[in-house]
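A.B. asks: Just dropping this structure here.
Since every read-out is calculated from the coordinates, none of them should be taken as a lab result. Just so it is clear, the model here is predicted, and its values are computed rather than measured. Using ideal geometry, Cβ is built from the backbone for each residue, glycine included, and neighbour counts are taken over all protein chains shown.
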Amino acid sequence: MPFPATAIANELIDRAAESRATLTQINIQKLVYFAHGWHLAWSDKPLILDSIEAWQYGPVVRSLYSQFRRFGSDPITEKAMEFGFSSGKFVTSIPSIELTDEGVYARNVVGAVWQQYGKLAPFKLVELTHAAGSPWERAYTEGRRLIGNEEIKEYFAELSRATA
């Protein structure tokens with residue numbers, strides 16, 4: 001079951017806090033993208049419900065951009081929130097990964113991504129997403145807004161085979 005991208009971002013924010021690291025908008029965008037890509041490659045299932053778009057500085061999840069744009073290039077200091085109505089009242093919640101079998105697997109993937117990419121500088125992450133032949137590079141140069149899950153899965157599956 002895919003999760004809201006905000007739940008994955010909040011998991012990353014928790015991991016950063018545990019490591020006494022900071023995350024910026026660029027870090028969050030790229031780390032969620034990497035987690036989604038590796039999850040697709042390893043499980044053949046999407047990690048996030050949201051679409052990924054090809055923006056100038058790489059893959060972007062619009063809902064995350066909306067949540068965190070107020071921080072600009074400064075460190076993110078608050079978790080993503082969801083807003084809605086329940087029983088006629090305005091309610092807020094902090095999205096998280098549920099502790100189901102799928103949620104535990106998702107957290108493990110996020111943990112692996114954090115270990116591999118979490119300490120990288122934002123523009124190193126941008127460099128990685130801009131690699132020749134990457135899904136972002138293809139979509140951006142072709143003028144496409146959306147980066148499809150199938151091309152993300154194929155790319156990360158190829159990376160997995162190349163590093164095995």
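A.B. asks: Check residue 24: other-chain or 5+ apart residues with amide H under 5 Å from its amide H, H built from backbone geometry?
C.D. replies: Sorted by chain and number, the residues that satisfy this are 76.
A.B. asks: Please list, ordered by chain and number, the residues whose modelled amide H lies under 5 Å from the amide H of residue 48; skip anything fewer than 5 residues away on the same chain.
C.D. replies: When sequence neighbours closer than 5 places are left aside, the close amide H contacts are 3.
A.B. asks: Let me ask another. Each label point is 7 Å from the Cα along the Cα-to-Cβ direction; what then is the distance between the points at residue 17 and residue 160, in nm?
C.D. replies: 3.1 nm
A.B. asks: So if we plug the beta-carbon distance of residue 102 and residue 73 into 1/(1 + (r/R0)^6) with R0 = 35 Å, what FRET efficiency do we get, rounded to 0.05?
C.D. replies: 0.55
A.B. asks: Which length gain, in nm to one decimal place, applies between residue 56 and residue 90 when the Cα-Cα distance is subtracted from 0.36 nm times their residue separation?
C.D. replies: Result for the pair: 8.7 nm of gain on full extension.
A.B. asks: Spelling out what I want: for every residue of the stretch 24-29, take phi, set θ = phi - 60°, compute 6.51 cos²θ - 1.76 cosθ + 1.60 (Karplus), and round to whole Hz; glycine and proline get x.
C.D. replies: 9, 3, 5, 4, 4, 4
A.B. asks: Something else: Consider all pairwise Cα distances in the stretch 1-93 and report the whole-number % of them above 20 Å.
C.D. replies: Percent of Cα pairs beyond 20 Å in the stretch 1-93: 38.
A.B. asks: Right, here's the next one. For residue 124, give me every one of the lysines with a C-alpha distance below 29 angstrom, ignoring sequence neighbours fewer than eight places off in its own chain.
C.D. replies: 30, 45, 79, 153
A.B. asks: Most exposed first by the Cβ proxy, i.e. fewest other Cβ within 10 Å, how do 128, 146, 64 rank?
C.D. replies: Neighbour counts put them in this order, fewest first: 146, 128, 64.
A.B. asks: Neighbour counts of other C-beta atoms within 10 Å: give me 126, 109, 32 arranged from fewest to most.
C.D. replies: 126, 109, 32
A.B. asks: Here's something else I'd like to know. Answer rounded, prolate or oblate for the chain, using the Cα gyration tensor with square roots of eigenvalues a ≥ b ≥ c: rounded when a/c is under 1.5, else prolate when a/b is larger than b/c, else oblate.
C.D. replies: Since a/c stays below 1.5, the shape of the chain is classed as rounded.
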